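Working notes, structure below.
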Amino acid sequence: QVQLVESGGGLVQAGGSLRLSCTASGIIFSINDMGWYRQAPGKQRELVARITRSGSTNYVDSVKGRFTISRDNVKKTVYLRMNSLKPEDTAVYYCNADIRSSSAAGYLEVWGQGTLVTVSS
């Protein structure tokens, strides 16, 4: 069984920084795109940033210039460095990845359990 485990969330003051990590474990043949999503109270889940296996990235406009997504394919880990945090960044952050468990299998979309980021004003 494949799973994603996030860490690094917490409480930070506005203007501060946090780094989220997410590691995939289980029977993994390959990982395609990886990403971070977030869901604030009363709002829909939204894409924050996504990174391909080769390192191409895309970001939601509200975090461009402040957040950086990266990955370590050997460690099967994706990171989200968050700088200049704002109260509106407060949300549960979810890791997401497209994972194959064997060469014969298709890619399966896997989600982490979420980690809470709270930015105080």
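When you restrict to C-alpha pairs under 8 Å that are six or more residues apart and normalise by the size of the chain, the relative contact order lands at 36 percent. Computed from backbone phi with θ = phi - 60° and the Karplus coefficients 6.51, -1.76 and 1.60, the 3J(HN,Hα) list for the stretch 4-12 is 10, 10, 9, 7, x, x, x, 9, 9 Hz; x is used for glycine and proline. Accessible area ranking (1.4 Å probe, heavy atoms, ligands and nucleic acids excluded), largest first, for SER54, SER121, SER84: SER121, SER54, SER84. Taking all protein chains together, LEU116, LEU18, LEU47, LEU85 sort by accessible area into LEU116, LEU47, LEU18, LEU85, largest first [probe 1.4 Å]. Exposed loop positions in the chain were taken to be chymotrypsin sites (Phe, Trp or Tyr not before Pro) whose DSSP state is not H, G, I, E or B and which have at most 16 other beta-carbon atoms within 10 angstrom. Between these positions, the longest stretch is 30-106. When the inverse distances between all different Cα atoms of the chain are averaged and flipped, the Kirkwood radius reads 14.5 angstrom. Highest GNM mean-square fluctuation among ALA97, ALA14, ALA24, for the chain modelled with Cα contacts below 10 Å: ALA14.
Averaging the sequence gap over all C-alpha pairs within less than 8 Å and six or more residues apart, then dividing by the number of residues, gives the stretch 13-66 a relative contact order of 23 percent.
The values are calculated or read from the model by the stated rules, or taken from the named source; none is laboratory data. Just so you know, these numbers come straight off a predicted model, no measurement behind them. Positions of Cβ are backbone-derived with ideal geometry, glycine not excepted, and every protein chain shown enters the neighbour counts. Each accessible area value is taken on the protein alone, full model and side chains, heavy atoms only, with ligands, DNA and RNA left out. Shrake-Rupley method; radii C 1.70, N 1.55, O 1.52, S 1.80 Å.
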